[in-house]
Amino acid sequence: MPIRWTQDLTVGIEAIDQQHQRLFEIVDGLLAAMQAGKGRAEVSKVLDFLNEYVLAHFALEERAMQEMGDPNYASHKGEHDGFVKTIERLKRLHEEGGARTALVIEVNHRVCGWLRNHIAKTDVTIRDALEKHQGVVVSLAS
Ligand SMILES: [Fe+2]
């Protein structure tokens, strides 16, 4: 099933929303590559890119949360840290066994499922923090 960003997932900080859309595209590309039986090199390249992109993206969200004094910072960051470990584990699994069906199912569940759920349930709490901090400029220049 393709993974698509929808308007109701808006966090309210444009840079973060744009990265979420890009993340969905990357994950969609990863699934397509795996399902099309693309070589290990291709899947590995996408997994590496996803890993790098996710690290930069989480850093941006965490900086925004810190600047706003978001009370959910610690638990939110904990979810990010867990996801980074998941990607590292999937990369290892892929290196060891290639893009087997079991791995595709796991990527679907642990990456697509997690992202959808995290953005819809946790990232939207950034929107609440942002509303409480009306007037406070969050500087997100990287
Ligand atoms: Fe997040």
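The values are calculated or read from the model by the stated rules, or taken from the named source; none is laboratory data. Keep in mind that what you see is a predicted model, and the values were worked out from it rather than measured. Positions of Cβ are backbone-derived with ideal geometry, glycine not excepted, and every protein chain shown enters the neighbour counts. Calculation scope for accessible area: heavy atoms of the full protein, side chains included, ligands and nucleic acids excluded. Shrake-Rupley method; radii C 1.70, N 1.55, O 1.52, S 1.80 Å.
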Take the residues of the stretch 11-42 that are open to solvent by less than 50 Å² (accessible area, probe 1.4 Å) and acidic (Asp, Glu): which is modelled with the lowest pLDDT? ASP28
Within the stretch 91-111, take every residue that is in contact with a helix residue (DSSP H, G or I) (Cβ under 9 Å, 6 or more places away or on another chain) and among the acidic types (Asp, Glu) and give me the one that is least open to solvent (accessible area, probe 1.4 Å). GLU106
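Counting residues that are within 15 Å of the ligand (Cβ to nearest atom), which helices (runs of 4 or more DSSP H) fully inside the stretch 1-119 reach at least 3? Reasoning before the result, please.
Values: elements: 14-35, 40-68, 73-97, 101-107, 114-117.
Per the criteria, 14-35, 40-68, 73-97, 114-117.
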